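Chemist: Handing you a structure now.
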Amino acid sequence: MKVAIVTGAGSGIGRACSLALMKAGFSLVLAGRRKDALEETAKAGKDLGKSLVVPSDMTDPASIAALFAKTIEVFGRLDVLFNNAGVGTPPVPLEDLSLEQWQTTVNTNLTAPFLCTQHAFRIMKNQTPQGGRIINNGSISAYAPRPFSSPYTATKHGISGLTRATALDGRAYNIACGQIDVGNAATEMTERMAGGVLQPRGDKMVEPRMDVQNVADAIVFMATRSLDANALFLNIMATQMPFVGRG
């Protein structure tokens, strides 16, 4: 039995990837803030495999600890952690962002994945057989940010550093760590792109999106590699989106 935790599993990329991992043979621990949304994911996957709903607040270290404790209580091991949960900030000028908005983004997008990685590391290091895989949801914004996105972009730069450091520190324990950078998957979060989003040149344009199943398929590819192989960074994006050159 292979066991995977997906954070932010109640919608969007998290739900699509959870269902794809269940179809690939994983037992899923579905984590997120909204119990009703997690239960909808579990219901959608009831014919695919086993899942466990664990409502979790990624800004609360105690809630994160409880998530991993429950995983071990029920399944006894952990093979894959997908650090997917994340938030953005309103697209307003940098100088108008509040400290609270900055800290909320950092706590959710960077501190929470770090804490989840710590818990996963302890489990994977001590289980038999030893090892496992951690996948971080990064962003192409770390390479080419959108206007007015400093908190989000900064945290995604941090995720890239966390990915590299985790991959290095995990070598001794057969723990692989990789990162997926997604561009314009069609989810609730990107609905606004259909009406046009601000571009670096100052105007707005409608941006192409891709089926979120492409992301789910990529996550399954990363999660199912043998532990002697690691997809350190994988970019999956809408072919016609303005990324290379950002316009």
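The values are calculated or read from the model by the stated rules, or taken from the named source; none is laboratory data. If you're wondering where the values come from, they're calculated on a predicted model, not measured in any experiment. Backbone-built Cβ (ideal geometry, glycine too); neighbour counts: all protein chains shown. Remember, those area values only see protein heavy atoms, side chains included, never the ligands or the DNA or RNA. Shrake-Rupley method; radii C 1.70, N 1.55, O 1.52, S 1.80 Å.
Chemist: Using a basic spin-label model with each label point 7 Å from the Cα along Cα→Cβ, how many nm lie between residue 239 and residue 106?
Modeler: Roughly 4.1 nm, to one decimal.
Chemist: I'd like the accessible area for residue 237: 1.4 Å probe, protein heavy atoms, all chains in place, Å² to the nearest 10.
Modeler: Result for residue 237: roughly 50 Å² accessible.
Chemist: Which percent of the accessible heavy-atom area of the chain goes to carbon and sulfur, probe 1.4 angstrom? Don't skip to the end; give the middle numbers.
Modeler: Values: 6220 of 11430 Å².
Exposed carbon and sulfur together represent 54 percent of the surface.
Chemist: For the range 107-247, build the charge dipole from Cβ charges (+1 Lys, Arg; -1 Asp, Glu) around the Cα centre, then report which of 240, 150, 198 sits farthest towards its positive end.
Modeler: Farthest towards the positive pole: 150.
Chemist: To continue, here is another question. Leaving out ligands, DNA and RNA but keeping every protein chain, what accessible area does residue 173 have, in Å² rounded to the nearest 10, with a 1.4 Å probe?
Modeler: The accessible area of residue 173 comes to roughly 70 Å².
Chemist: What is the magnitude of the charge dipole of the range 111-247 about its Cα centre, with +1 placed on the Cβ of each Lys and Arg, -1 on the Cβ of each Asp and Glu, and no other charges, expressed in debye to the nearest 20?
Modeler: Values: 13 positive and 9 negative charges, 70 e Å.
For this selection, approximately 340 debye.
Chemist: In debye to the nearest 20, how big a dipole does the range 73-132 give about its Cα centre with +1 on each Lys and Arg Cβ and -1 on each Asp and Glu Cβ? Each step should come with its number before you reach the end.
Modeler: Values: 3 positive and 5 negative charges, 90 e Å.
My answer is approximately 440 debye.
Chemist: Additional query: Would you list 98, 160 from the most to the least accessible area, probe 1.4 Å?
Modeler: Reading off the accessible areas and sorting them downward yields 98, 160.
Chemist: Sticking with this one: How far is helix 35-44 tilted, in degrees, relative to the longest principal axis of the Cα atoms in the chain, given as a value from 0 to 90 rounded to the nearest 10?
Modeler: 70
Chemist: Moving on. At 7 Å along the Cα-to-beta-carbon direction for both residue 126 and residue 36, put a label point, then send me their distance in nm to one decimal.
Modeler: 3.8
Chemist: While we're on this one: Find which of 128, 187, 30 sits farthest along the positive direction of the dipole of the chain, computed with +1 on the beta-carbon of Lys and Arg, -1 on that of Asp and Glu, about the Cα centre.
Modeler: Farthest along the dipole direction, towards plus: 128.
Chemist: When the dipole is taken about the Cα centre of the chain, and only Lys, Arg (+1) and Asp, Glu (-1) are charged at their Cβ, what size is it in debye, to the nearest 20? Mind showing how you got there, number by number?
Modeler: Values: 24 positive and 20 negative charges, 111 e Å.
Approximately 540 debye in magnitude.
Chemist: Taking semi-axes √(5λ) of the Cα gyration tensor in Å straight from the coordinates, which label in (1) 26, 20, 18; (2) 34, 23, 15; (3) 29, 19, 18 is the correct one?
Modeler: Correct label, based on the coordinates given: (3).
Chemist: Something else now. Using the charge dipole of the range 53-190 (Lys, Arg: +1 at Cβ; Asp, Glu: -1 at Cβ; taken about the Cα centre), state which of 138, 66, 80 has its Cα farthest towards the positive end.
Modeler: It is 80.
Chemist: Applying a 10 Å radius around every beta-carbon, put 132-142, 225-235 in order of their mean neighbour count, most first.
Modeler: Details: 132-142: 24.0, 225-235: 13.1.
In decreasing order of mean packing, 132-142, 225-235 become 132-142, 225-235.
Chemist: In whole Å, what is the distance between the alpha-carbon centres of the range 144-169 and the range 198-247?
Modeler: That distance is 15 Å.
Chemist: Given the DSSP H assignment, sum -39500 (n - 2.57) over each helix run of at least 4 residues in the chain and divide by its residue total; what's the result at 222 nm in deg cm²/dmol, nearest 500? Each step should come with its number before you reach the end.
Modeler: Working: 7 runs with 92 residues, N = 247.
One gets -12000 deg cm²/dmol as the mean residue ellipticity at 222 nm.
Chemist: Rounded to the nearest 0.05, what FRET efficiency do residue 220 and residue 168 give with R0 = 30 Å and r taken as the Cβ-Cβ distance? Could you check?
Modeler: Numbers: r = 25 Å, r/R0 = 0.83.
Computed FRET efficiency for residue 220 and residue 168 comes out at 0.75.
Chemist: Also, quick follow-up: Would you look at the GNM of the chain, springs on alpha carbons closer than 10 Å, and say which of 93, 113, 55 moves the most?
Modeler: Of 93, 113, 55, the Gaussian network model singles out 93 as fluctuating most.
Chemist: Please determine, in degrees from 0 to 90 and to the nearest 10, the orientation of helix 150-170 with respect to the longest principal axis defined by the Cα atoms of the chain, where the helix direction is its Cα long axis.
Modeler: Roughly 30 degrees between the two axes.
Chemist: On average, how much accessible surface per residue is there in the chain, in Å², for a 1.4 Å probe, leaving out ligands, DNA and RNA? Present the calculation step by step, with values, prior to reporting the outcome.
Modeler: Values: 11430 Å² over 247 residues.
Normalised by residue count, the accessible surface of the chain is 46 Å².
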